[in-house]
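**Q** There's a structure below that I have some questions on.
FYI, it's all coordinate maths here, none of it is from the lab. Every value quoted in this text rests on a predicted model; they were computed, and no experiment measured them. Quick reminder, even Gly has a Cβ in these numbers, built from the backbone with ideal geometry, and neighbours come from all protein chains shown.
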Amino acid sequence: MNCNGSAACGLGYDFSRCQHEPCQYGLMNNFQALCKDNIYKALQFFAKGYGKNNEPLRGYFLTFVIAMAFILIAELNTIAPIISNFFLASYALINFSCFHASYAKSPGWRPAYGIYNMWVSLFGAVLCCAVMFVINWWAAVITYVIEFFLYIYALSYVSALDNALELTTVEDHVKNFRPQCIVLTGGPMTRPALLDITHAFTKNSGLCICCEVFVGPRKLCVKEMNSGMAKKQAWLIKNKIKAFYAAVAADCFRDGVRSLLQASGLGRMKPNTLVIGYKKNWRKAPLTEIENYVGIIQ
């Protein structure tokens, strides 16, 4: 047997055989669970399951394609250390996730295994990492680099939250002033010109919230509002408009705008500018409608 410079092979260990059975049946279920968490948007396609056991058939097909790609290389001594490292990395992450959930006392983590101990999970993670370097050090380094970038991507929410909290310590000053706009567009696709004029003075350097007020019975309005929020935010992303969509249900338009002005924003990113379309039907509109419009401006 050609050990190809592998320390594990020199010691008489064949880690690729140890991984075969659990990877064949469990790996795709773990991958499917990751896709369902929707942390990585590009992997959402593989979250769908089929049949009563929710089998990840799309994941199986992906496995087939990857396996065929490695088989066509036709150099087992070259590909075995790389594959083994990635599988050991997945086991290390699972073990460390169990340890971290226990150490942080996460309320959603309730291990059913009777004699589970979090320090055993940590030891398993460290052992997997050590074996990765025993098998092939450069493959382990590549694996850790890939995991590092995935970890940074997954921490985007935490980073955004930390930055928002840091802003609370920044005092108001003329040099750090930014227009933070509430734009009364209704549905953002109905008044794109209003968004264009807002962009003309924010230049994507200030907060922009596209707001819509649903007027009518609260129960019906909330249902209509919730059903369209994702679609309207997706429209903003598709058209590369750096803005958020927010909606509120109210008994009248004026009350809805008042609620938006009071509750919109986060920390120091609170709206300081109201953008509203110019009313054209002054002569024909009912008096109460005109009063509401003027009251919003006041």
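**Q** With bins 5 Å wide starting at 0, give me the P(r) of the chain over every alpha carbon pair, in whole percents.
**A** P(r) for the chain, in whole percents per bin: 1, 4, 8, 10, 12, 11, 9, 8, 8, 8, 7, 6, 4, 3, 1, 1, 0, 0, 0.
**Q** In addition: Most fluctuating residue of Arg258, Arg218, Arg283 in a GNM of the chain with Cα springs under 10 Å: which is it?
**A** Among Arg258, Arg218, Arg283, the largest GNM mean-square fluctuation belongs to Arg283.
**Q** Which of the three applies to the stretch 7-154, rounded, prolate or oblate, going by the alpha-carbon gyration tensor with a ≥ b ≥ c and a/c under 1.5 meaning rounded?
**A** Oblate.
**Q** Calculate how many DSSP beta bridges within the chain are antiparallel, expressed in % of all such bridges and rounded to the nearest 5.
**A** 15 percent
**Q** Can you check what the net charge comes to around Ser205, using other residues whose Cβ is under 11 Å from the Cβ of Ser205 (Lys, Arg +1; Asp, Glu -1)?
**A** +3
**Q** Shifting gears a bit: Quick check on my link table: of Lys48/Lys270; Lys175/Lys242; Lys231/Lys270, which ones sit more than 30 Å apart, alpha carbon to alpha carbon?
**A** Lys48/Lys270
**Q** If you take the charge dipole of the stretch 7-154 about its Cα centre, with +1 on Lys and Arg Cβ and -1 on Asp and Glu Cβ, which of Asn77, Val120, Phe45 is farthest toward its positive end?
**A** Phe45
**Q** Report the one residue of Ser264, Ile276, Thr202 whose Cα lies farthest in the direction of the positive end of the charge dipole of the stretch 175-297 (charges on C-beta: Lys and Arg +1, Asp and Glu -1; origin at the Cα centre).
**A** Ranked along the dipole, the leading option is Thr202.
**Q** If each residue's Cβ is checked for other Cβ atoms within 10 Å, how do Lys270, Lys284 rank with the fewest at the top?
**A** Ranked by crowding around the Cβ, least crowded first: Lys284, Lys270.
**Q** How many angstrom lie between the C-alpha centres of the stretch 129-179 and the stretch 209-253?
**A** That distance is 31 Å.
**Q** Go ahead and set up a Gaussian network model of the chain, Cα springs under 10 Å, then flag whichever of Pro81, Pro107, Pro192 fluctuates most.
**A** Pro107
**Q** How do Thr168, Thr143, Thr63 rank when sorted from fewest to most other Cβ atoms within 10 Å of their own Cβ?
**A** Thr168, Thr63, Thr143
**Q** Can you tell me what share of the DSSP beta bridges in the stretch 145-298 is antiparallel? A percent to the nearest 5 is fine.
**A** 5 percent
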